[in-house]
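Q: Below is one structure. I have some questions about it.
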Amino acid sequence: MSKVITPQQQDYSKWYNDIVIQADMADHSAVRGCMVIKPTGYAIWEKMQQTLDKMFKDTGHVNAYFPLFIPKSLFEAEEKNAEGFAKECAVVTHYRLKTDPQNPGKLIVDPEAKLEEELIVRPTSEAIIWNTYKGWIESYRDLPLLINQWANVVRWEMRTRLFLRTAEFLWQEGHTAHATKDEAIAETRQMLEVYADFAENWMAMPVIKGVKTANERFAGADDTYTIEALMQDGKALQAGTSHFLGQNFAKAFDVKFANKEGKLDYVWATSWGVSTRLMGALIMSHSDNMGLVIPPKLAPTQVVIVPIYKGEEGLAKVSEVANVIKQKLQQKNISVKYDNRDSQRPGFKFAEHELKGIPIRIAIGERDLENGTIEIARRDLLSKQVIKIEEVENYVSTLLEDIQTNLFNKALERRNNLTTKVNTYEEFKKVLDEKTGFVMAHWDGTPETEEKIKQETKATIRCIPLNNEQEEGVCIYSGKPSTQRVVFARAY
RNA sequence: CGGGGCGUAGCGUAGUCCGGUAUCGCGCCACGUUUGGGACGUGGAGGCCGUCAGUUCGAAUCUGGCCGCCCCGACCA
């Protein structure tokens, strides 16, 4: 195989690409900006989906599916939303191809088959969903409406990066309708908590929960809540968003309900989503120069067993024990793969499983059979230990938890080290350039100042943290008074 | 869309200035020896050199057009 991964320290961006491609997660496709998610990568996405899906259902949501295409007239109904996404929409204008009379064997778009109304390939589904909800909601008895959809969306990005920004991506989008403002806000916040829970306890990725500034708000939202993570290179990544949409979509699509008093009112809305971008976040939170590191709770394969043997008989002997171990672990709900391929040698397999990030590797050789032992290696620390064979179930269960905790703690420590309070603009710029990471600074609260700082430093306000500590200070840019620090960073 | 780079076997490349149908490594196939950290030997398969046109006896190589991809920026989850 002889795969070489560019070291992080040398070129982080190249390292990231190498990991994605060499760990076999995804590849560039024949379509500009669109990737192929390969089985190894897709399996991780499926684990994310399963986990999130359960969390959504546990909080009362159900799944449904809405069309890929949105008629232009619906798409433009909510003005801010339409305007926000307009410049990155794929548009279907025709419904038929025909043979090119000038060029046999080639196809052209049939000019006769022009659509009367163009169809927009959804960049997000609020428009089509709210148009549908209009017919579903009449009374307060129909509320709340708590629906999620797993789907693909298309945003015609100018520049793309595997998982982090692709023209087509997979995501889930929750769209809920409520009778009251408070209830909708509570839903928005609840889903933010769900995302934070998932990020921290499954992805082992610490996040800051907060509110976006007006500049960074979702187009069509009254408030956008976000979880912000910090990657290994000190750049921030928005990992999930939850929007309080107010009555904007209800008004745009005329979705009214009769309340208990019999009066008509517009419903209150939320939407929230996470995407395959989380795959990128996962990679940039834990992986190293040897390859991918997957937290145990999201690893499609948690344990791989590699036999070391001489000859067929040797393999048979080792397999006997390996299969017992496999079974015992599976009974504890641990996913195990027994890698008994005879076509590769152990060293090759070790390297390959490290590259693919499997949390625990068990090696069993004939030497172990004699001693009643096995060798256990953990991916996060790349350390090995020999244990008694009968200890395997308990040892592995505990180790999986340890690895999960260790990854989170390591990521948390890194984030804490890369979070800096600054009080002057000079300091601010210096930290951004030399130390990177989250920079906590006072801001006067105006979009103008935010925009100027962005233009001058490329740093954006990632969020205003929830339950933020209140503290007197002055804006690092304008010198005007401020009551709290906000989180700045350069971001993906 | 601006700036830079690149298109030669599955992947990475040499050859391009100075025209003569192609180099090396990895991978792949077969057989044998191997197997506690990316094995070794022997033999073998695989390329109309991105594409179209031009110059020429002859083009990967020279000329022109087109297409595609990657990286940096603007836009953005």
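The values are calculated or read from the model by the stated rules, or taken from the named source; none is laboratory data. These numbers were taken from a predicted model, which means no experiment stands behind them. Here Cβ is always computed from backbone atoms with ideal geometry, including for glycine, and neighbour counts include all displayed protein chains.
Q: Show me the helices (runs of 4 or more DSSP H) entirely contained within the range A:30-112 in which 3 or more residues are farther than 30 Å from A:Glu183 by Cβ. Walk me through how you get there before you give the answer.
A: Numbers: elements: A:39-58, A:72-75, A:79-86.
The qualifying helices (runs of 4 or more DSSP H) are A:39-58.
Q: Another question, then. So the check is Cβ under 9 Å with 6+ separation or different chains; which pairs have a first residue in the range A:297-315 that's free of Cβ contacts under 8 Å to residues at least 24 places away in the same chain and a second one that's within 12 Å of RNA strand B (Cβ to nearest atom)?
A: If the second residue must be within 12 Å of RNA strand B (Cβ to nearest atom), the pairs left are A:Glu312/A:Asp342.
Q: Count, please, the residues in the range A:434-492 that happen to be within 16 Å of RNA strand B (Cβ to nearest atom), in a strand (DSSP E or B) and either of a type in the set (Lys, Arg) or in contact with a helix residue (DSSP H, G or I) (Cβ under 6 Å, 6 or more places away or on another chain) (or both).
A: 3
This table checks each residue for (1) more than 8 Å from RNA strand B (Cβ to nearest atom); (2) in the same structural domain as A:Asn148 (by TED's automatic domain parsing).
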residue	(1), (2)
A:Val274	yes, yes
A:Arg277	no, yes
A:Ile308	no, no
A:Glu312	no, no
A:Gln331	yes, no
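Q: So which of A:Thr176, A:Thr166, A:Thr160 ends up being in contact with a Ser or Thr (Cβ under 6 Å, 6 or more places away or on another chain), β-branched (Val, Ile, Thr) and away from RNA strand B (no atom under 16 Å from the Cβ)?
A: Working: A:Thr166 fails: away from RNA strand B (no atom under 16 Å from the Cβ); A:Thr160 fails: away from RNA strand B (no atom under 16 Å from the Cβ).
Checking each option against the conditions leaves just A:Thr176.
Q: Consider A:Val318 carefully, then state whether it is buried (at least 16 other Cβ atoms within 10 Å of the Cβ) and either outside any loop (DSSP other than H, G, I, E, B) or more than 8 Å from RNA strand B (Cβ to nearest atom) (or both).
A: In short, yes.
Q: Looking for something in a loop (DSSP other than H, G, I, E, B) and free of Cβ contacts under 8 Å to residues at least 60 places away in the same chain - is there at least one such residue anywhere in the range A:288-295? Please lay out each step first, then the result.
A: Kept after step one, since they are in a loop (DSSP other than H, G, I, E, B), are these residues of the range A:288-295: A:289-290, A:292-295.
So of that shortlist, the ones also free of Cβ contacts under 8 Å to residues at least 60 places away in the same chain come out as none.
Checked against the condition, which is being in a loop (DSSP other than H, G, I, E, B) and free of Cβ contacts under 8 Å to residues at least 60 places away in the same chain, the range A:288-295 yields no hits at all.
Q: Still on this structure: Among the residues of the range A:333-342, which ones are within 15 Å of A:Gly314 (Cα to Cα) and not charged (D, E, K, R)?
A: Selection gives A:Asn340 alone.
Q: Now, a different point. Please go through the range A:212-225 and pick out each residue that is under 18 Å from the mean Cα position of the chain (by Cα) and either surrounded by fewer than 21 Cβ atoms within 10 Å (Cβ to Cβ) or within 30 Å of A:Val293 (Cα to Cα) (or both).
A: A:Tyr225
Q: Among the numbered criteria (1) modelled with pLDDT under 95; (2) among the hydroxyl-bearing types (Ser, Thr, Tyr); (3) in contact with a Phe, Trp or Tyr (Cβ under 8 Å, 6 or more places away or on another chain), which one does A:Thr160 miss?
A: Checking A:Thr160 against (1) modelled with pLDDT under 95; (2) among the hydroxyl-bearing types (Ser, Thr, Tyr); (3) in contact with a Phe, Trp or Tyr (Cβ under 8 Å, 6 or more places away or on another chain), the one that fails is (3).
Q: Just one of (1) under 24 Å from A:Gly291 (Cβ atoms); (2) surrounded by fewer than 14 Cβ atoms within 10 Å (Cβ to Cβ); (3) touching a residue at least 12 places away in the same chain (Cβ under 8 Å); (4) more than 7 Å from RNA strand B (Cβ to nearest atom) trips up A:Phe348, so point out which.
A: (4)
Q: From the set of residues in the range A:1-29 that are part of a loop (DSSP other than H, G, I, E, B), surrounded by 13 or more Cβ atoms within 10 Å (Cβ to Cβ) and of a type in the set (A, V, I, L, M), which is farthest from RNA strand B (Cβ to nearest atom)?
A: Ranking the qualifying residues of the range A:1-29, first place goes to A:Met25.
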